Amino acid sequence: MRRESDRAYFPEGMPLPRRDANSRRFWEACNEHRLLVQRCARCGVHRAPPKPVCGRCGSFEHDWSESCGRGRLFSYTIAHHSPHPVAAERLPYNIAVIELEDCGGALLLSNVVGCPNSALRVDLPVELIWEDRRDGQSLYRFRPVEGSTGSRASRQGGMT
């Protein structure tokens, strides 16, 4: 399910993600609410974030796979200190590593929204949602799949 989030995870004023030759297509696809994952054209391994060279075979050739946006919480931490003053308004916030169920299990760094940090647990099923920023850049976030944050979630924690 791909509904837009109703509020920004971070307040206005956070810097935009950096776009370069390797990531431009990725960020443009995000603005179309499409999650693309780079795939090596030689060996087929998926990689995220986009990089100029494959870490497995060294090839510079790549194409893109579109993800369905479902996955699981692979790992997470709760930030209690912010490297950016604007993000300090949001403390504490989660930093999540999401393992996609497709695209070779590529790992993406993001945030889990729509539930308290205390409900997070490793292996929590998540789905993609989009955060449309006022500056025009859409960001990918994840939320728990409905019904997946039962009482077990509050007893298990991630790395804090």
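Quick one: grab the alpha carbon gyration tensor of segment 1-76, order the square roots of its eigenvalues as a ≥ b ≥ c, and give me rounded if a/c is under 1.5, else prolate or oblate depending on whether a/b is larger than b/c. Here segment 1-76 falls in the prolate category.
The slack between S82 and D63, meaning 0.36 nm per residue of separation minus the straight C-alpha distance, is 3.3 nm.
Using only DSSP helix segments of four residues or longer, with each worth -39500 (n - 2.57), what per-residue ellipticity at 222 nm results for the chain after dividing by its residue count and rounding to 500?
Values: 2 runs with 13 residues, N = 160.
Taken over the chain, the calculation gives -2000 deg cm²/dmol.
Given the options D63, D102, D135, which has the most mean-square fluctuation in a GNM of the chain, springs set between C-alpha atoms less than 10 angstrom apart? Answer for the Gaussian network model of the chain: D135. Rounded to two decimals, the Cα radius of gyration of segment 68-160 over 2.2 N^0.38 Å is 1.07.
Only the Cβ atoms of Lys and Arg (+1) and of Asp and Glu (-1) were treated as charged; on that basis the dipole of segment 68-160 about its Cα centre amounts to roughly 280 debye. Comparing mean-square fluctuations of C57, C68, C40 from a GNM of the chain with C-alpha springs under 10 Å, the top value falls on C57. In the calculated pair-distance distribution of the chain, the portion above 24 angstrom amounts to 36 percent of the Cα-Cα pairs.
A short reminder: the numbers here are calculations on the coordinates, not readings from a lab. Keep in mind that this is a model prediction, so the values were computed, not measured. Here the Cβ is made from the backbone with ideal geometry for all residues, glycine too, and neighbour counts use every protein chain on show.
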